[in-house]
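Just so it is clear, none of the values below were taken in a lab; they were calculated from the coordinates. Here the structure is a predicted model, which is why all the values come from computation and not from measurement. Using ideal geometry, Cβ is built from the backbone for each residue, glycine included, and neighbour counts are taken over all protein chains shown.
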Amino acid sequence: MTQQEILDLLKQRGALMEGHFKLASGLHSNRYVEKFRLLEDPVTTGKMVEELAGRIRQYKPDVVVGPVTGGVILSFEMARCLGSLAYFTEKTADGGMELRRGFDVRGKRVLLIEDVITTGGSILKAADAVKQAGGEVAAFAILVDRSSGRFQPSEPVEALVTLQIETWEPDKLPPELAAIPLVEPGSKHAKA
């Protein structure tokens with residue numbers, strides 16, 4: 001798949017949205033990636049992960065690990081493509097992540113997978129959990145990298161698509177963005 005085909009798929013699924021969005025960071029943006037519009041469709045998710053798996057095989061991972069919600073789905077799908085096991089991390093009380101449920105990565109090469117990264121915070125916490133459990137991080141696999149170059153771990157990173165999405169401080173919005181109604185997407189704003 002080409003970058004344009006992937007972007008078209010994101011738009012078709014309603015995953016790449018345009019408007020005025022308040023991000024979890026507090027910054028505002030004119031575009032937003034709603035990852036669950038991708039993950040709700042197993043066929044689309046499968047196509048994207050298969051494409052990414054073709055780039056990942058060179059790192060020869062033994063296990064695939066994804067951080068919480070979206071990462072669970074992706075770790076399972078990537079493991080299916082690679083013929084490996086699928087594990088996931090869970091949040092700790094202090095905001096970190098850990099491997100539970102008897103997931104054993106000692107001495108194993110681990111591929112970490114994530115849906116959309118902005119800062120890479122979740123996947124880096126998952127990488128720390130893997131290292132603390134005795135695993136070796138072989139590489140990172142990302143569906144959509146919108147980190148603008150901020151995500152640069154020492155291990156290899158393969159991103160299916162890289163998006164440059166501008167952000168602004170709330171008091172420094174361009175007039176055309178300020179004129180659009182504000183939306184606060186994402187699970188951090190959802191009420192239980």
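Quick notes
- Put in order of Cβ neighbour count within 10 Å, fewest first, the listed residues Met78, Met17 become Met17, Met78.
- Structure-based [θ]222 nm, the chain - -39500 (n - 2.57) summed over DSSP H runs of at least 4, per residue, nearest 500: -9500 deg cm²/dmol
- Nitroxide proxy distance, nm - points 7 Å out along Cα→Cβ at Gln12 and Val183: 2.1 nm
- Take every Cα pair under 8 Å whose residues are at least 6 apart in sequence, average their separation, divide by the length of segment 49-192, and the relative contact order is 21 percent.
- For Lys108, the lysines whose Cα comes closer than 19 Å to its Cα, not counting residues fewer than 8 places off in the same chain, are Lys60, Lys125, Lys131.
- Membrane-span-like helices in the chain, defined purely by DSSP H runs whose alpha carbon atoms cover 18 Å or more axially and whose average Kyte-Doolittle hydropathy reaches 0.0, are 42-56, 68-82.
- Dipole moment magnitude, nearest 20 debye, the chain about Cα centre, only Lys, Arg, Asp, Glu C-beta charged: 420 debye
- FRET efficiency for Gln132 and Glu169, using Cβ-Cβ distance with R0 set to 45 Å, rounded to 0.05: 0.80
- Computed over the alpha-carbon pairs of segment 111-192, the distance histogram in 5 Å steps reads 3, 12, 19, 18, 16, 13, 10, 5, 3, 1, 0 percent, short to long.
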